[in-house]
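Reviewing the structure listed below.
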Amino acid sequence: MGLSVRAVFFDLDNTLIDTAGASRKGMLEVIKLLQSKYHYKEEAEIICDKVQVKLSQECLRPSNTCITDQRTSHWEEAIQETKGGAANRKLAEECYFLWKSTRLQHMTLAEDVKAMLTELRKDVCLLLLTNGDRQTQREKIEACACQSYFDAIVVGGEQKEEKPAPSIFHYCCDLLGVQPGDCVMVGDTLETDIQGGLNAGLKATVWINKNGIMPLKSSPMPHYIVSSVLELPALLQNIDCKVSMSD
């Protein structure tokens, strides 16, 4: 390909793997468990909805609590808020581990994504750059067996700062021995992936907009928008053409 782009940074969740879909499948298994084993008929869905809200509002936890305890507490609180009575840690643990194990089972790299990464890596360096808790993200990376497709993997929870801080992007550049102006960031989240790429002065940012939603006027503006990560190889050719024409 002979691209002027030397490195591509990929987000993981909902960019390369369907984390949201895997999480929904986990919730469906918990609903089945609560309805069949514990006879929580209409309460089962309410509990799972409450946990989903708690997960979406999750803040970076203090270093002295582990993610397992924190997320088991989400289930414990949701069950107590819905059913009343005493806290039921044992049931909360059962729900959490079922949700988590089901979710991890469904976190896979699709064959066409694997093929795309393999082809791209013949011409550019590939780096996985994911925000999140160290344990959680490393478990996902293990589950989808994506390590062999990348030259480096950087987890935000293991660094001083996460996306969108420029420091983590510059750390990635140093790892690969490239300049920010040689790199493209690809991800599904405007506030972290795209804003971060812009903050760090990367050559281009590519937003994966699967649902065709209109970004808010106040949102960071990506250089390129695609509906699937599989559109990336053609887009990189396009970026390269524009660069060489303006040289």
Write down, largest first, the equivalent ellipsoid semi-axes of the range 1-50 in whole Å, where each equals the square root of 5 times an eigenvalue of the alpha-carbon gyration tensor. 42, 9, 5
Please report how many Lys pairs in the range 95-247 have alpha carbons closer than 23 angstrom, counting only residues at least 8 apart along the chain or sitting on separate chains. 14
Roughly how many nanometres apart are two label points built 7 Å out from the Cα toward the Cβ at GLN57 and ASN88? 2.3
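For n ≥ 4 DSSP H runs only, could you compute -39500 (n - 2.57) per run for the chain, divide by its residues and tell me the 222 nm figure to the nearest 500? Spell out each step's value before the answer.
Working: 9 runs with 118 residues, N = 247.
It comes out at -15000 deg cm²/dmol, rounded to the nearest 500.
Count charges around THR192 for me, please; just the other residues with Cβ under 9 Å from its Cβ, Lys/Arg as +1, Asp/Glu as -1.
Working: positive: LYS163; negative: ASP11, GLU162, GLU191, ASP193.
Every neighbour counted, the sum reads -3.
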Quick one: what Rg and Dmax do you get for the range 20-106 from the alpha carbons, in Å? 12.3, 37
Starting with the highest mean, order 34-47, 65-78 by the number of other Cβ atoms within 10 Å, averaged over the residues of each peptide. 65-78, 34-47
Between THR108 and residues 5 or more places away or on another chain, the pairs with built amide H atoms under 5 Å apart involve ASP18
Net charge near GLY85 (other residues with Cβ under 14 Å of its Cβ; Lys, Arg +1; Asp, Glu -1) is -1
Integer Hz, Karplus 6.51/-1.76/1.60 couplings in order for the range 67-79, x for Gly and Pro: 4, 4, 5, 4, 6, 5, 5, 4, 5, 4, 5, 4, 5
Nearest 10 degrees, 0 to 90: what angle lies between the long axis of helix 89-105 and the longest principal axis of the chain (Cα atoms)? 30
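Given a 1.4 angstrom probe, I'd like the percentage of the accessible area of the chain that is carbon and sulfur, rounded to a whole number.
Values: 6280 of 12120 Å².
It is 52 percent, rounded to a whole number.
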For the range 122-247, just the Cα atoms, rotate onto the principal axes and tell me the three extents in Å, largest first. 43, 33, 26
Any idea what angle helix 134-144 forms with the longest principal axis of the chain, computed on alpha-carbon atoms, 0 to 90 degrees, nearest 10? 80
Measure nothing but the geometry: give the 0 to 90° angle between the long axis through the Cα atoms of 111-120 and the longest principal axis through the Cα atoms of the chain, rounded to 10°. 30
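Between TYR38 and THR108, take the C-beta separation as r, use R0 = 30 Å, and let me know the FRET efficiency to the nearest 0.05. Display every interim value, and only then the final one.
Values: r = 30 Å, r/R0 = 1.00.
In this case the efficiency is close to 0.50.
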Over the chain, the quotient of the Cα radius of gyration and 2.2 N^0.38 Å is 1.12
Using +1 at the Cβ of each Lys and Arg and -1 at the Cβ of each Asp and Glu in the chain, identify which of TYR38, VAL51, MET221 lies farthest towards the dipole's positive end. TYR38
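Dipole size in debye (nearest 20) for the chain around its Cα centre, Lys and Arg Cβ +1, Asp and Glu Cβ -1? Please report the intermediate quantities before stating the final value.
Numbers: 27 positive and 34 negative charges, 78 e Å.
The dipole of the chain has a size of about 380 debye.
The values are calculated or read from the model by the stated rules, or taken from the named source; none is laboratory data. Given the structure is predicted, the values throughout are model-derived calculations rather than measurements. Neighbour counts run over all protein chains shown; Cβ positions are idealised from the backbone, glycine included. Just so you know, the surface numbers come from the protein's heavy atoms only, side chains and all, with ligands and any DNA or RNA stripped out. Shrake-Rupley method; radii C 1.70, N 1.55, O 1.52, S 1.80 Å.
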